[in-house]
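Read through the structure below, which is laid out as structure tokens, and then see the notes.
Values in this text are rule-based calculations from the coordinates and carry no lab data. Predicted model only: the values in this text are computed from it and were never measured. Here the Cβ positions follow ideal geometry from the backbone for every residue, glycine too, while neighbour counts run over all protein chains shown.
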Amino acid sequence: MTQAEPPKIVKKKLFSPIWLLPIVALILGGWLGVKSLREQGIEIEIHFPSATGIDVGKTLVRYQGLNVGKVVDIGLDSSLTGVDVKVLMDYRAEPFLKKNTKFWLVTPKASITGVEGLDALFSGNYIAVQPGDGDSQSNFVALQEAPAIQPGETGVVVELKAMQLGSVDVGSKVFFSQIPVGDVVSYKLEADQSITISAFIKEQYAYLVKTNSRFWNVSGISVDASLSGVKFHSESLSAILAGGIAFSSDPAAPQAQHNTAFNLYDNKQQALGGRDFLLSAQNADGIGKGTKIQLRGVQIGEILGTSLSDTGVGFNARLFNDYEDLLAGSSQFYLQGADISLDGVKHAARLVTGAVIEFIPGSGPASGTYQLLESQPEDKGEHLTLRAFSESNPGVSVGAAIKYKAFDIGTVTSVSLAKDFSGVEYQLEIPAQFSALLSHGSYLYGQSALEVNASLEGVAVKTSDAGTLLKGSFNLVRGKGRNLMTNNDLLEVFPSREAAEQEFTAASQQKITLTSLDGAGVSSGSPVYYKKMQVGDVADVSWSASEGNFAVNLNIHATFKSLLNDSTVFWQNSAVEVNAGLSGVDVKVAPLAGALKGSISLGQLEDTPVAGTKGILYASEQLAIAQAKVIELTFPADADLAAGAAIRYKGFQIGEVDHVSLSDDLGSIKAIAWLYGQYAAEFQRADTQYYLVNAQVSLAGIKAPETLLTGPYISSLPGNSVSESAHFNGKLQAGLYADTPADALKVTLVRPALGSVKAGTPVLYRGIHIGEVKGYDLNASGQQVQIYLAIETRFSQLINRTSKFWDYSGIKVDFGLFSGAQVETGSVENILAGGIAVATEAANSPDNRLTDSPVFTLHNKADEEWRNWAPALK
């Protein structure tokens, strides 16, 4: 009879997994809803004067080329004075929608100064945005013009005040020494009918704008026509066509701040100003505004205006900036017109142009008022006798003229060789009226009849008068000393003004001496740059035999002395630098002057300077930033080493080889290398090891495969010595345990022959890699081979005095007549490269603890029982 099984009662679960699906769907739907609400955008309203060029759904809002919004609606404002444009902004733009955020419409504009909004020509008009600060806001009024500084631009904006715009327009260039350094970005008419012009100066030139800068209009062409001829002056072609503004500055003045206001003068002469004074006379016959003040036929000033006084007529006069230092307390002015006599007519042009005021220099402090004489004063014939000295005669002979700003102010009365034959001595005579020009610090320089200056900027040719061609001449440069020179005072003579300025400039410059391994490819005059701006030059380069290096002496301009501190580093520039990588090729080309002459750059370290690296001229910017130190490595002559090879520690680069040379005896090579500053202390220890790493191909694999592409490199192991060294003997390969951790277990095996064991052969415990063969050698008697193992520290407890080692290499075949053939193989790696196996019989105890230099026999094969050993080792 079949027995019925009792029924199984299963308790129903309170929660079914099927309910997870609607819960997950609910959570996902809620998250998508929140995400949709969050990312739907922010609606703002911008007021424009008109909707011209704005289309719903097409016109975008952009910030630095990125679309951040779109126009969704346009409507008339309540006052009918413009339109309100509704824009849906990207939700990520919310932090930028502040009170001072600016919007403006960008449309393509073509003018003589260029094309603006070129991207809008292809993609259509768009609304640009410039983030501002303040409270959050959703209503804005668009600008009618783009702001002076747009997003992504840095520099300084100056406000120029003028009474008329002239040829200046938006886009007109701003020049400094005829180099374009900025642009006119906007102009507007003020309530007082003056014009404010906003000019933007680029960041790299912002330092040129000083608090005392003078700006003037250089637009168009200037023509000065008179009986003496026609003078034609123009700026660059762009200034003629599009207008332009130039300025000059005093380098010693403080730098101007953003939005500093300046006056815009009509021309350079007005901008640079001069010295104003008052001339008094009995009447104004033949004199009026614009009457020239001349010295020996050259205009040095003019009459600015006239006024009546109780004693006669007063003339407001000005000496131009270049000649204002001629005005002295005893200076004299007299009126001179055309001279008609039986001998003929002198100064016939003045019959048409009117009389001029002649000027006679004097001495003593300048005054504010002078009497205008009716005729030329009598010349009393007084003069100042001076001496001059030059190392060599620049072609000046007796009777040669002494000139100041092209005026003859004296004569050379004698030329003779110095008594000690050290140079040439001159006797000079200067009329008393010019004595005020001679103060302590004044000097002379020789002027050639024909001067040709050829440089990278072009060729300049300058000719002089016939007198200079026959006798030569001296030019006087006025000194800044307060005391005037007296009879028999000595003037120094320089070959040229450039030579004098270089000597004086060098005296005021900061002098720095750097050491270089190879002279850095620079010479006297090579430029020194900071952020591509020249801040100095190379004075000279000399070889120091005792130190075994070059001394490179630099002159840094006084303006840039603040750049020199403990964090300043210098490096030599390459004419062309190419950095190629998977991301592309980066090519850097030095400025032409630096490429031809060689150049040096300086920079500032962000990290704390490394001791002992100051005053080094590095071979590259990378070495300078790393504050590398120089070491010398000597290797055998057959070492495969080249310049640029890396120096590494455990694969990390710590330096590089600068250059390699063969020794005089041809037995070794010397490598000059750099160690990066942060690692130099550890790797300059006297017992530091350096060895060459090259690719090694064997059945066990390839060691250092990267060197097949990059070439060999130098590996280093830091020492423990307290003394430092800069000279090391390198090895062609590492020492036996050079790259082995100090706490690793070192074991020696002995056997009659080496067999298939090689350096790198693995040591296996139960098939697990626990160490490797580091090397091998014959013992002292030559009867056995010693094989040196290194067991990893974490596996050292697996080895004790009961351990057995056997050769686990290749394929072993045991063939018996009755037992048959038995084949024993290891892994494919063991078959190809070999291996050593180890087994341990007993657990670790004080009795079987290893000695400091344990020695074991390497057996040809394992006993069967060895494979079954399984002690608990710990």
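With charges set only on the Cβ (+1 for Lys and Arg, -1 for Asp and Glu), what does the dipole of the stretch 42-141 come to about its Cα centre, in debye to the nearest 20?
It comes to approximately 220 debye.
For LEU491, what residues show an amide H to amide H distance below 5 Å, using hydrogens built from the backbone and excluding near sequence neighbours?
ARG387, ALA388, PHE389
Compute the normalised compactness of the stretch 503-551: alpha-carbon radius of gyration over 2.2 N^0.38 Å, N being the residue count.
Here the Cα radius of gyration is 1.24 times the empirical estimate.
Assuming a ≥ b ≥ c are the square roots of the Cα gyration tensor eigenvalues, decide whether the stretch 594-688 counts as rounded (a/c under 1.5), prolate (otherwise, with a/b larger than b/c) or oblate.
Taking the square roots of the gyration eigenvalues as a ≥ b ≥ c, the stretch 594-688 is oblate.
Between ARG296 and LEU189, what is the spin-label point distance in nm, taking each point 7 Å from the Cα along the Cα→C-beta axis?
Between ARG296 and LEU189, the label points sit 5.1 nm apart.
What shape does the stretch 352-427 take by its C-alpha gyration tensor, where a ≥ b ≥ c are the square roots of the eigenvalues and a/c under 1.5 counts as rounded, a/b above b/c as prolate, and the rest as oblate?
Prolate shape, in that a/c is at least 1.5 and a/b is the bigger ratio.
Could you give the length gained on full extension between THR505 and HIS859, defined as 0.36 nm per residue of separation minus the Cα-Cα distance, in nm?
Extending this stretch completely gives an extra 119.1 nm.
Work out from phi, with θ = phi - 60° and the Karplus expression 6.51 cos²θ - 1.76 cosθ + 1.60, the ³J(HN,Hα) of each residue of the stretch 51-60, listed in order in whole Hz, and give x for Gly and Pro.
9, 4, x, 10, 10, 5, x, 10, 6, 9
Starting from the Cα of SER845, step 7 Å along the direction of its Cβ; do the same at ALA418; then give the gap between the two resulting points in nm.
The modelled label-to-label distance comes out at 10.1 nm.
Distance check, please: which entries in LYS99/LYS202; LYS419/LYS471; LYS102/LYS268; LYS629/LYS731; LYS268/LYS511; LYS471/LYS597 exceed 30 angstrom between their Cα atoms?
LYS102/LYS268; LYS268/LYS511; LYS471/LYS597
Near the amide H of VAL141, under 5 Å away, which other amide H atoms are found, from residues 5 or more places off or on another chain, if H is placed in the peptide plane?
So VAL141 has HN proximity to HIS47.
Can you give the Rg/Rh ratio of the stretch 628-729, where Rg is from the C-alpha atoms and Rh is the Kirkwood radius?
So for the stretch 628-729, dividing Rg by the Kirkwood Rh gives 0.98.
Give the relative contact order (percent, whole number) for the stretch 628-729; include only Cα pairs under 8 Å separated by 6+ residues.
Contact order relative to length: 33 percent.
SER496 to VAL398: FRET efficiency via 1/(1 + (r/R0)^6), r the Cβ-Cβ distance, R0 30 Å, to the nearest 0.05?
After rounding, the FRET efficiency stands at 0.85.
When every alpha-carbon pair in the stretch 42-141 is counted, what percent end up more than 24 Å apart?
22 percent
If R0 is 25 Å, what FRET efficiency do you get for SER567 and MET533 from their C-beta distance, rounded to 0.05?
FRET efficiency, SER567 to MET533: 0.85.
Between SER524 and ASP322, what is the FRET efficiency for a Förster distance of 30 Å, r being their Cβ-Cβ separation, to the nearest 0.05?
It comes out at approximately 0.40.
Please give the contour-minus-distance gain from GLN783 to ASP250: 0.36 nm per residue of separation, less the Cα-Cα distance, rounded to one decimal in nm.
182.9 nm
Length gain on complete extension for the stretch ASP640 to THR515, per 0.36 nm per residue less the alpha carbon to alpha carbon distance?
42.1 nm
Within 13 Å, Cβ to Cβ, of VAL747, how many net charges do the neighbouring residues add up to if Lys/Arg are +1 and Asp/Glu are -1?
+1
How far apart, in nanometres, would the label points at GLN144 and SER50 be if each is projected 7 angstrom from Cα along the Cα-to-Cβ direction?
1.3 nm
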